[in-house]
Amino acid sequence: MIDLLVRHLQDALRPAECAVAHLTGDSEAGTLQHGWPPGTPDRTAIIQLMVRRGPTLVVEGLEALFRSAELPTPPDIGGSWILVPITARGRATGGLAVRGASGQFTATDLALAEGLAAQASIALESARLVDVHDVGRRSWQDVVDAIAPAICIVDKGGSIRRANRAFAALVATPLASLIGRPWRGFVPTEWLADLERILEAEASGGGGSGREAELRTGDRTFSVSAVPISSTERSTVVLLFDDQTERRRLQDQLIQSEKMSAIGQLIAGIAHDLNNPLASVVGFADFLSELPDVPPNLREPLSVIHEEADRASNIVKNLLSFARKQDRQRRPTALQPLLDATFVLLRNQLMATRVEARMEVEPDLPMPSIDGNQMQQVFVNLIHNAAQAIASTARPGTILVRARRWMDGVAVDVIDDGPGMSESLASQAFDPFFTTKPEGQGTGLGLSISQGIVKEHGGRISLFTEEGRGSTFTVQLPCGVGEETVEPDALPGHPAARLRILVVDDEPHILHYMRATLEAWGHSVELAGDGDDALTRAASEPFDLVITDLRMPRLGGREFYEELKRLNPASAARLVFSTGDTVRGDTLAFLESLSRPYLHKPFSFAELRALLAGVPKASGSA
């Protein structure tokens, strides 16, 4: 543009010198000078003078003007001059300076120069505004392209006015191909109805802005909001697509975790409610089985009662052990009983999915030092996964659990004849949150948690699988030296001393069973149906042992203990709790804080005998 202006001045005025200055910034320092012949003196001062004075026609030299403006006078400024500023929006943005070759310039020449300067001013300002617009457009594009949510601006005709790269990636279309085209041609068809509804609601102006909808496509979930671009132009709407897939997945996992926590509490409540009647059934089954004069025709029914009571008792104990949050305690553990208990837990599920489970345990296996509850969680997860894999084939199947020696430890194989896995799926099997199960049937955490548990024990889990030919998960565990466990049968028998015992429980059948059993063993037994009654007697009478339930109406076991400790510390030191509620953390913490033994309902004769064997006779008791 400046070159064009200079050519017009040269053609119209035939000057000796012609220069144009354009201020590129807000001060005269940033100028673009054009038109000074090579080798001529610097004309910056002339340009400054021209910009300050406005349109000026000088007949003979500029010396007087420079002196009046207190500017340094450049050399060689004689002759006739035309000085015209270039203005935009009332502000000088540059100027032109022309010196005549011969003779003097006239007012007509000045008017011509002013006209050319005015045209140049319009052209330069237009160019500046185009640059500003381009910079603003690029800045807007850079900003919205940096935003993770997909943005699409839709006008009242349904055409895309603008969009960012995230939206272009979402609809798998180049950004340049979106502008000006209908949005309906790019989004998934299952989204059309919901998007049209929120766009129509915004265009009508009924009921505020920021309308939202949840849209799904494949395994991805988006939250879409529609906001009018301005309060006066509601027909042009900004659609904001926020990918909620990861957030929803985490929410689902949190919900699943809360469900599992609730199930754990439910198990705890059910187990506690079952433990009281089971304590009576197990106790009387043990009691009757030891009577020498039981009629022969009752021996077999009594044996069945005893076995089924033990089975029910073991099921409850397994549930409690599985649900209980405990400090991690590792000790040498025999695998056969642990796997037996695991099979009991999963018996119903395996039957429902038509899965036959078999177990093979090598004789005389070494005992790994493990946390039984944690390792049972691993085996439950592996067998559960194998059963679900077989169920997906809609045919019966078989799971073989095989425990064997492995180097200096043991290995447990869980082998199924299910569908197996491809190599790509097998490589992701232990990744957190990876699952091949349908939505709502798995969190993808089971194998990763199991792997973490086994690694904490110094072992590892390996997978061998082939598509169409089943899978084998192998748990390898080293053996360590730990504390020796004492089997119930090895515990001492009846104590030699005859004990005076107070039994406190709100269940009449348990009181009956305890009295019959303890008196048959030669002890003196007193009964109390609640903590209030027991407190009065235990505080004033000598007892060798006080066995109290933990959860009772009126005065509970914990409160009974605290009051007894205040009234008679010696009697409180002889108190033992019996309870079926050790899942709750506060209960378990309280019992362990006493550093005293406790009976977990339903307890066996062996456990009760072991307790009595360690009780010293109190002085003063009969």
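Checking the condition of a type outside the set (Val, Ile, Thr), open to solvent by 70 Å² or more (accessible area, probe 1.4 Å) and either part of a loop (DSSP other than H, G, I, E, B) or modelled with pLDDT under 90 (or both), which residue from 610, 618, 539, 622 passes?
Among 610, 618, 539, 622, only 622 is of a type outside the set (Val, Ile, Thr), open to solvent by 70 Å² or more (accessible area, probe 1.4 Å) and either part of a loop (DSSP other than H, G, I, E, B) or modelled with pLDDT under 90 (or both).
Residue-wise test of (1) within 17 Å of residue 450 (Cα to Cα); (2) in a helix (DSSP H, G or I).
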{"position": "338", "(1), (2)": "yes, yes"}
{"position": "343", "(1), (2)": "no, yes"}
{"position": "349", "(1), (2)": "no, yes"}
{"position": "356", "(1), (2)": "no, no"}
{"position": "376", "(1), (2)": "yes, yes"}
{"position": "381", "(1), (2)": "yes, yes"}
{"position": "405", "(1), (2)": "no, no"}
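Quick check: anything in the range 101-112 over 60 Å from the mean Cα position of the chain (by Cα), open to solvent by less than 10 Å² (accessible area, probe 1.4 Å) and free of Cβ contacts under 8 Å to residues at least 40 places away in the same chain?
Here is the first cut: in the range 101-112, the residues over 60 Å from the mean Cα position of the chain (by Cα) are 101-112.
Still in the running and open to solvent by less than 10 Å² (accessible area, probe 1.4 Å): none.
Within the range 101-112, not a single residue is over 60 Å from the mean Cα position of the chain (by Cα), open to solvent by less than 10 Å² (accessible area, probe 1.4 Å) and free of Cβ contacts under 8 Å to residues at least 40 places away in the same chain.
Failed condition for residue 527, given (1) open to solvent by less than 30 Å² (accessible area, probe 1.4 Å); (2) closer than 22 Å to residue 605 by Cα, with all others met?
Failed condition: (1).
Only one of (1) open to solvent by 40 Å² or more (accessible area, probe 1.4 Å); (2) modelled with pLDDT of 75 or more fails for residue 37. Which number is that?
The failed condition is (2).
Select the strands (runs of 3 or more DSSP E) contained entirely in the range 55-165, then report the ones holding at least 1 residues which are aliphatic (A, V, I, L, M) and within 30 Å of residue 45 (Cβ to Cβ).
Counting at least 1 such residues, we get 56-58, 81-88, 91-100.
Could you pull out the residue among 374, 336 that is polar (S, T, N, Q) and open to solvent by 40 Å² or more (accessible area, probe 1.4 Å)?
The conditions single out 336.
Would you point out the residue of the range 383-403, among those that are assigned to a helix (DSSP H, G or I) and open to solvent by 10 Å² or more (accessible area, probe 1.4 Å), that is nearest to residue 339 (Cα to Cα)?
By that ranking, first place goes to 384.
Limited to the range 166-193, what total is found for residues that are part of a helix (DSSP H, G or I) and open to solvent by less than 50 Å² (accessible area, probe 1.4 Å)? Write out each step before concluding.
Keep residues of the range 166-193 that are part of a helix (DSSP H, G or I), which gives 166-170, 175-177, 183-185, 189-193.
If we keep only those that are open to solvent by less than 50 Å² (accessible area, probe 1.4 Å) too, we end up with 166-168, 170, 175, 177, 183, 191-192.
So the answer is 9.
How about the range 343-381: which of its residues are of a type in the set (D, E, K, R), touching a residue at least 40 places away in the same chain (Cβ under 8 Å) and more than 17 Å from residue 479 (Cα to Cα)?
354, 356, 358, 360
Examine the range 309-317 for a residue that is modelled with pLDDT of 70 or more, touching a helix residue (DSSP H, G or I) at 6+ places or on another chain (Cβ under 8 Å), open to solvent by less than 60 Å² (accessible area, probe 1.4 Å) and of a type in the set (D, E, K, R), and state whether such a residue exists.
Yes, some residue in the range 309-317 is modelled with pLDDT of 70 or more, touching a helix residue (DSSP H, G or I) at 6+ places or on another chain (Cβ under 8 Å), open to solvent by less than 60 Å² (accessible area, probe 1.4 Å) and of a type in the set (D, E, K, R).
Could you grab me the full set of residues in the range 542-559 that are open to solvent by less than 60 Å² (accessible area, probe 1.4 Å) and more than 20 Å from residue 514 (Cα to Cα)?
Scanning the range 542-559 gives a single hit, 555.
So is residue 80 open to solvent by less than 30 Å² (accessible area, probe 1.4 Å) and not β-branched (Val, Ile, Thr) or not?
Working: open to solvent by less than 30 Å² (accessible area, probe 1.4 Å): yes; not β-branched (Val, Ile, Thr): yes.
Yes: the conditions hold for residue 80.
The values are calculated or read from the model by the stated rules, or taken from the named source; none is laboratory data. Predicted model, so just to flag it, every value in this text is computed and none were measured. Note that each Cβ is placed from the backbone with ideal geometry, even for glycine, and that neighbours are counted across all protein chains shown. Quick note on the areas: whole protein, heavy atoms, side chains included, nothing else; ligands and nucleic acids left out. Shrake-Rupley method; radii C 1.70, N 1.55, O 1.52, S 1.80 Å.
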